[in-house]
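The values are calculated or read from the model by the stated rules, or taken from the named source; none is laboratory data. In this text the structure is predicted, and so the values were computed from the model without any measurement. Quick reminder, even Gly has a Cβ in these numbers, built from the backbone with ideal geometry, and neighbours come from all protein chains shown.
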Amino acid sequence: MAKQMVTLTIDDQQVTVPAGTLVVDAAKKAGIDIPVFCHHPKLEPVGMCRMCLVEVGRPMMDRATGKPILDADGKPKIQFGRTLETSCTTLVSEGMVVRVSSPQVEEAHKDVIEFLLTSHPLDCPICDKGGECPLQNLTMEYGVGESRFIFDEKMHLAKNVPLGDLIFLDQERCIQCSRCIRFQRDVAGDPVIHFHERGRATEIITNSEPGFDSYWSGNTTDICPVGALTTADFRFGARAWELKATASICSQCAVGCNLTFNVRREAKAGGRIVIKRVMPRQNEEVNEIWICDKGRFTAHHYTESTDRLTQPLVRKNGELVPTTWEEALDLVARRFQTSLDSFVTLASGRLSNEDLFNLRQLTDKLSGQSLLDTYMAGGDLIAEFGVAAGTNFTDFGPGDAIMVVASDLEEEAPIWYLQAKQAAERGAILIVLNQRPTKIARYATHNLTCAFGQEAASLLAMANAIGSSEISRLPDWIKEFPADNALRLAAQAFADAQNGVIIYGQQGIGLQASRDVAQAAANLLFLTDHLGRPKNGLLAAWQRVNDQGAWDMGFRPAEDLKADLSQASAAYIVAVDPVGDQPVLAEALQHAGFVVVQELFLTETAKLADVVLPAQAYTERDGTYTSAARRVQRFYPAALPLGETQPDFAITAQIADRMNIKMEGSLAGRVFQQIAKNVVAYENLTYRKLAETKPQWPIVGRGDLYYGGTSYENSQGVGVALRPASQVRKLFRVTWERPQAEWPQMEDALVAVPLTRLYDRGTTVTPAKVLTPRLTPPHVGLNPEDAARLGVSDGGLVVVSLNGVTGEVYAHVSERTPAGIVFVPRSLGLPIDAPSPVGVRLAEKALARPSNLQRITR
Amino acid sequence: MNRLLKEYPQEVEKTLAKYPLEQKRSAVMPLLYLAQRDKMHIDRQDMIDVAEICGITETEVKAIAGFYTLYHEEPGGKIRVQVCTDIACALRGADEFYAHLCERLGVEDGGTTPDGAVTVEQVKCLAACHNVPVFQVQNADGLTYYENQSVESALEIIEKLRQGESQEEAA
Amino acid sequence: MSHILLRHRDIPDINKLDVYLANGGFSAFRKVVTGMDKQAVVDEVKKSGLRGRGGAGFPTGLKWSFIDNNSWPHYVVANADESEPGTFKDREIMEQNPFQFLEGVAIASYAVGANAAYVYLRGEFWQQAHFLDECIAEMEKAGFLGDNLFDTDYSLRIYTHLGAGAYICGEETALLESLEGKRGQPRLRPPFPPSVGLYGKPTIVNNVETLTNVPPIIERGADWYRTFGTEKSPGVKIFSLSGNVEKPGNYELPLGTTFRELIFTHGGGIPNGRGVKAIMPAGASSSVIVATDEALDTPMDYEQVQNVGSVLGSASVIVIDDSYSMEWVVNKTLHFFKHESCGKCTPCREGTYWMLNISNRIHQGRGSAQDVDLLYDVAKQIQSKCLCALGEFSTMAVVTGIERFRTDFDSQGQSTPAEG
Ligand SMILES: Cc1cc2nc3c(=O)[nH]c(=O)nc-3n(C[C@H](O)[C@H](O)[C@H](O)COP(=O)(O)O)c2cc1C
Ligand code: SF4
Ligand code: FES
């Protein structure tokens, strides 16, 4: 249904906008800037700062005829209100006349600015917001030259109030616009900051423990229209005008948030270019203007770590010693050439499409296996049944359904959590099917719980419930999966929705179970006719940024990694640390013929390698990632490469070259051309296409600093969403498969179940020191019953034996853990991909509290 | 465990019953009064307890406690004597009454007596402008008005309350 | 003349249910529930010309007719926040004639289809709230509240809710926020409460006194009610008289009674042989009236008080004798408004703070020659920019005080009030 359009006049300019638009936004569309502070187009209007006052006139209506009264010239007579109106709360109406630059309005703007400045410290020269501050700009425009206010009577308030580990508040600079509070309450759903006191004594406080306890806190510093909120990371870091902006993509999860790296050449860093801060870059189809704190505070730190590898290493006399690229590459090529019988490449979704493509080319030429390091499956199903291009969570509302399965969405794909929450608040159906309470379930219209191990079965039960009328389309065995009432209702709601997507994630499931879930979800989508159209299809909250790209480039998870590695004549391990993750694999590697590790750091795996090749961080080079929603996006070099490091794709190409295998290795863009030529789904894509932009609303980052000045417009590409194969072929055919994952069944034994946490202790996270206080120490979750039986109390130390590793960790005893289950967060040091038998016993003597532990004591 | 639920289960239940089921948040003000009753101030644990019952965050509770003047986040006297010195009362001598009362109690404006029992403060209009001087006493029993007072009668009342308080403490 | 609102002054113990019942109590409520259509009740109140006694004087029946019947449930909220300096009428009603007030709440609820009503009392009215709770319990026992009232399918419950010290919670949308368990800050309007009110549902907010007028209107009819007061301001009003008068107190008089009659006939005139200098007819929020003969002879109703440059508001008449300097009066009001500004909008939050600072300077004799003009300018700068009326209120005494009593501000040193 097309929206009704309304035409109005703003400062003599005719503007036509959809009904329901606010005057301030209509003006913005017409290029007329009305000053605002409290208004933010992503937040509900509050009209409290009173900055945006304008004169509003409306046509006078003849009561009898309902028609406008005309003046002598035959034009409608306009009646102006007695007082000014806030343009941020006034909706446009037909024939409205708005005056923004009349003397009366300018006077009002001046008055309000003066009021704001009476309490403001005017410390622009030392303020982080200096140079990108709307208050500063507006003061220049409207401000009275001289203060009529006596300085001594100003409120003098604290300037360095930590609201938590990450965010600082300058109380003097705060202008009480409540943008931060409203963002936290309405967008993030974490009302952990608020006003305290009232009147002029009003101040922002937090009373959460830890302070400002939210994954979203950094966004408040972006939308703060003054320099009142700053991040612990960037405070006093640099002045806005010294910073250069580079477009990038966040590599911390698979959402693919568009980022801007602000960089500066720094004497302190020996003249190197340093990333000073990470900011969101607008992409309304991906992350809008938000990013989570993990992305904001980690994306750059690991690339600057002093532990990075800077030159190639080879093993000589049992020791890894520095060498030249020539020597290293010659050796690698020679050994690879003679390893044709069982060559294995193991790579991860941390790599770009270009890296993965070249790796795949090489591996294929050597008749090897291209293995993906992951505990999630289903990328092939997503290539087939993924959401169609044009799917945009910000459009979801009434008539649309989102189903979340086995995913603690905020921990795995934070932006999707924000968007699913807001979609539900706009009226979309949100079905959450998890094994334990999760935050997204608070907003669910259907909040379903299933036992661990029953995820795919529950989806099949839903299929069973809907499919009963069309039983012919269903296999017989599906009758083994009966649906209870809650499942039935949810299934029906999903089927009845006009559009529907299913997101599956990482909670409590391993490789096979996630394969089962993806398959069952695809079946359910097929059955409910939610395929092949925008806003319909399958999504995975992948483990890593480019897991989907890896699947698209032909990488597949290993069925038995241990066997594959120990039988390999040569193993080429790129951007993965299998030994670090699963120490049992160390032995497997000892058996491998020749081991090459290509990495940023000297990982546990690298320590066992024959050759170690130093790779560039993605911040130092360009390339593309394919997001979980299958949007191909470009990132650009922000910092200069460290030492002798090289991009992964180039290293691979040089190895290939030495084996007379022709491969693009000079430029990532050239490799991408090869991808477009060879990978069907990427057909016709070009680097240039990926760099195209689209008009975005709301408009951010222009001269008026409409949104608080620190949002970045998308000028370097919004990326291209791929079409799923089934949509291209216009043919949907799903096969039915029984779930195959087996639940570890052992008499009386506890079962460890993996959970994914956003703040883990992964290699790319721990170098971010600002985040360290927010990382939980290694722990396992125990049910009170099991804990009592083991004699363990909450917070006590236990010895855990899991997948060949024994370590001491804290016990977190809570009703939220089901009896018989032990929750084990991934990436906290205990190896766990899938539910596994676990031994837990009370630690004999407590060690000193391991603070900021990176790995568990083994 | 939640102190309010433990100590005042009936009051909590009665309070919640006043509001629609899905509007538990409305109970936050009555529950803050309940939390304040014994100590005459509200600490962080109280806020956590109230937040738990109302289904909001402890930050939101603090924001509310901080907005209204009858909630006290800082410890003070368990007897709060609040004298109206607003315009209508001031026209009938309330400022002088307040000054004399403070002097006789030996406290500054807003101060607490040396024994920590009584805090004396000025408040805005109490809706008793015809019965000046007027003050209210806020203590564990709630709020009580004392109208048409003199400094002497006020001191007597305060003394009585103080004795009641110390008896209770002894008991 | 017998009292219509302050009936306890004629009938002792009418705050006891049996006495109230013996004097016709709840017959109006019975009449509407058992025999009147909702619309007929609204029409009768419309016809009576009753206007809101909370300050704005908005026609009560008209407000009730705005209730949005496309959204349910509906609520009625009685505004018993009574915090305007100089106002103390609602308190007397609730203490002395509570059942008539509660009957008014009940009739209003019936008229707008509400099954739940809240009485929002300022936190200081702790005793009154507990007393009302007892009255409500008695009404429940006697069958005037609860399910199936008078054997119909109408049900109603009334609850009290205590504020906790915030003048702004008298503003109806701030009141609703507070009742919802939030900081008492005003909402944007529109939408108005009859469309989007308590918990986002259609809600009628009326002052205690307004509602107390309703039972006699229903019982005796709109025409009878209109025999009191003036054409545009019919009925009686409780005038809270305070300040420099012999007999401060509440006086129930027809609208249109003159200031002179209130102050001199009922209030016993000015003590200590002083003359009357100024009148604040609507509490601290008033424009200050110069007490000329013409002003004193002005009838107090919603229209005519405007002729002498002020408004009737809640009719809290504060009398200021000629021993006081207006500069001091203004300073007092600014202490109040700076303390009570909720802080939501810029002009009020910053403006009250700034005005008080300047006023303090003047008051303490530290001011410069320009400070009075600056104070005046700042007040003007606040005007018509605020989110709610409080900000505007804070400027009334400042602007009119300076305009009408300028010399009080220029002569520093004399600005402290005379002894006593
Ligand atoms: C700052 C401010 C304070 C107010 N205080 C009160 C009050 O204490 N009592 C009251 O009944 N109305 C008060 N009002 C008016 C209410 O907003 C509202 O108009 C009134 O309760 C409506 O009831 P009525 O139509 O019966 O008068 C106040 C308004 C403002 C702007
Ligand atoms: S005018 Fe004052 S009280 Fe009203 S919203 Fe603004 S700050 Fe709050
Ligand atoms: S009032 Fe409109 S932007 Fe603040």
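Looking only at residues in the range C:188-201 that are part of a helix (DSSP H, G or I) and over 22 Å from the mean Cα position of the chain (by Cα), the one that is surrounded by the most Cβ atoms within 10 Å (Cβ to Cβ) is C:TYR199.
Yes or no, residue by residue, for (1) of a type outside the set (Phe, Trp, Tyr); (2) free of Cβ contacts under 8 Å to residues at least 12 places away in the same chain; (3) in a strand (DSSP E or B); (4) within 12 Å of chain B (Cβ to nearest Cβ):
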site: C:TRP224; (1), (2), (3), (4): no, yes, no, no
site: C:LYS232; (1), (2), (3), (4): yes, no, no, no
site: C:SER242; (1), (2), (3), (4): yes, no, yes, yes
site: C:ARG260; (1), (2), (3), (4): yes, no, no, no
site: C:THR265; (1), (2), (3), (4): yes, yes, no, no
site: C:SER287; (1), (2), (3), (4): yes, no, no, no
site: C:ALA295; (1), (2), (3), (4): yes, no, no, no
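Considering the conditions (1) surrounded by fewer than 24 Cβ atoms within 10 Å (Cβ to Cβ); (2) acidic (Asp, Glu); (3) facing chain A (nearest Cβ under 7 Å), C:ASP321 is excluded by exactly one of them, (3). Please verify whether the range C:373-381 includes one or more residues that are touching a His at 6+ places or on another chain (Cβ under 7 Å) and away from ligand 1 (no atom under 16 Å from the Cβ). There is no residue in the range C:373-381 that is touching a His at 6+ places or on another chain (Cβ under 7 Å) and away from ligand 1 (no atom under 16 Å from the Cβ). Filtering the range A:336-354 to residues that are under 22 Å from the mean Cα position of the chain (by Cα) and not hydroxyl-bearing (Ser, Thr, Tyr) leaves A:ALA347, A:GLY349, A:ARG350, A:LEU351, A:ASN353, A:GLU354.
Checking the structure you have, find out if any residue of the range C:321-328 is of a type in the set (Phe, Trp, Tyr), away from ligand 2 (no atom under 16 Å from the Cβ) and in contact (Cβ under 8 Å) with a residue 40 or more places away in the chain. The answer is yes; a qualifying residue exists. Cβ-Cβ contacts under 7 Å between residues 6 or more apart (or on different chains), taken from a first residue in the range A:356-376 that is in the same structural domain as A:PRO557 (by TED's automatic domain parsing) to a second residue that is modelled with pLDDT under 95 and in a strand (DSSP E or B), are absent. Scan the range C:318-343 for residues that are within 16 Å of ligand 1 (Cβ to nearest atom) and within 15 Å of C:ALA278 (Cα to Cα) and jot them down. Once the filter is applied, which keeps residues that are within 16 Å of ligand 1 (Cβ to nearest atom) and within 15 Å of C:ALA278 (Cα to Cα), the range C:318-343 yields C:ILE318, C:THR333.
Go through the residues of the range C:307-316 one by one and say whether even a single one is within 20 Å of the chain's Cα centre (by Cα), within 16 Å of ligand 1 (Cβ to nearest atom), surrounded by fewer than 24 Cβ atoms within 10 Å (Cβ to Cβ) and under 22 Å from B:VAL123 (Cα atoms). There is no residue in the range C:307-316 that is within 20 Å of the chain's Cα centre (by Cα), within 16 Å of ligand 1 (Cβ to nearest atom), surrounded by fewer than 24 Cβ atoms within 10 Å (Cβ to Cβ) and under 22 Å from B:VAL123 (Cα atoms). In the condition set (1) at pLDDT 95 or above; (2) surrounded by fewer than 24 Cβ atoms within 10 Å (Cβ to Cβ); (3) at positive phi, A:GLN492 is compliant with all but (3). Among the residues making up the range C:173-182, those that are part of a helix (DSSP H, G or I) and either in contact with a helix residue (DSSP H, G or I) (Cβ under 7 Å, 6 or more places away or on another chain) or away from chain B (no Cβ under 13 Å) (or both) are C:THR173, C:ALA174, C:LEU175, C:LEU176, C:SER178, C:LEU179.
Condition test on C:ALA291, is it more than 16 Å from ligand 1 (Cβ to nearest atom), small (Gly, Ala, Ser) and farther than 18 Å from C:SER233 by Cβ? So C:ALA291 passes the test. Among the residues examined, C:THR333 qualifies as in contact with a Pro (Cβ under 9 Å, 6 or more places away or on another chain), under 30 Å from C:GLY184 (Cβ atoms), away from ligand 3 (no atom under 16 Å from the Cβ) and in contact (Cβ under 8 Å) with a residue 12 or more places away in the chain.
Here C:ARG349, C:ARG366 are screened, and the one residue that is facing chain A (nearest Cβ under 7 Å) and over 21 Å from the mean Cα position of the chain (by Cα) is C:ARG349.
Of the residues making up the range A:415-427, not a single one is outside any helix (DSSP H, G or I) and touching a residue at least 40 places away in the same chain (Cβ under 8 Å). C:GLY170 falls short on exactly one of the conditions (1) crowded, with 24+ Cβ neighbours inside 10 Å; (2) within 13 Å of ligand 1 (Cβ to nearest atom); (3) away from every other protein chain (no Cβ under 14 Å), and that condition is (3).
Being within 16 Å of ligand 3 (Cβ to nearest atom), within 11 Å of chain B (Cβ to nearest Cβ) and more than 18 Å from the chain's Cα centre (by Cα) is true of C:GLN185. Here the helices (runs of 4 or more DSSP H) wholly within the range C:1-91 that include at least 1 residues being within 16 Å of ligand 1 (Cβ to nearest atom) are C:38-48, C:60-65.
If you go through the range A:211-252 and pick out every residue that is modelled with pLDDT under 95 and touching a Pro at 6+ places or on another chain (Cβ under 8 Å), you end up with 5.
Yes or no, residue by residue, for (1) among the charged types (D, E, K, R); (2) surrounded by fewer than 21 Cβ atoms within 10 Å (Cβ to Cβ):
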| position | (1), (2) |
| --- | --- |
| C:GLY275 | no, yes |
| C:ALA282 | no, no |
| C:SER287 | no, no |
| C:GLU303 | yes, yes |
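Scanning the range A:72-98 for residues that are within 16 Å of ligand 3 (Cβ to nearest atom), more than 9 Å from chain C (Cβ to nearest Cβ) and not hydrophobic (A, V, I, L, M, F, W, C) gives A:GLY81, A:GLU85, A:SER87, A:THR90. Of A:GLY218, A:GLY227, A:GLY211, all but one fail to be within 14 Å of chain B (Cβ to nearest Cβ), of a type outside the set (Val, Ile, Thr) and on the phi < 0 side of the Ramachandran plot; the exception is A:GLY211. Taking the range C:153-192 as the search range and keeping residues that are without any contact (Cβ under 8 Å) to a residue 60 or more places away in the chain and within 16 Å of ligand 2 (Cβ to nearest atom), which one is farthest from C:PHE336 (Cα to Cα)? Going through the qualifying residues, I end up with C:PRO190.
Of the numbered criteria (1) outside any helix (DSSP H, G or I); (2) buried (at least 17 other Cβ atoms within 10 Å of the Cβ), the one C:GLY143 fails is (2).
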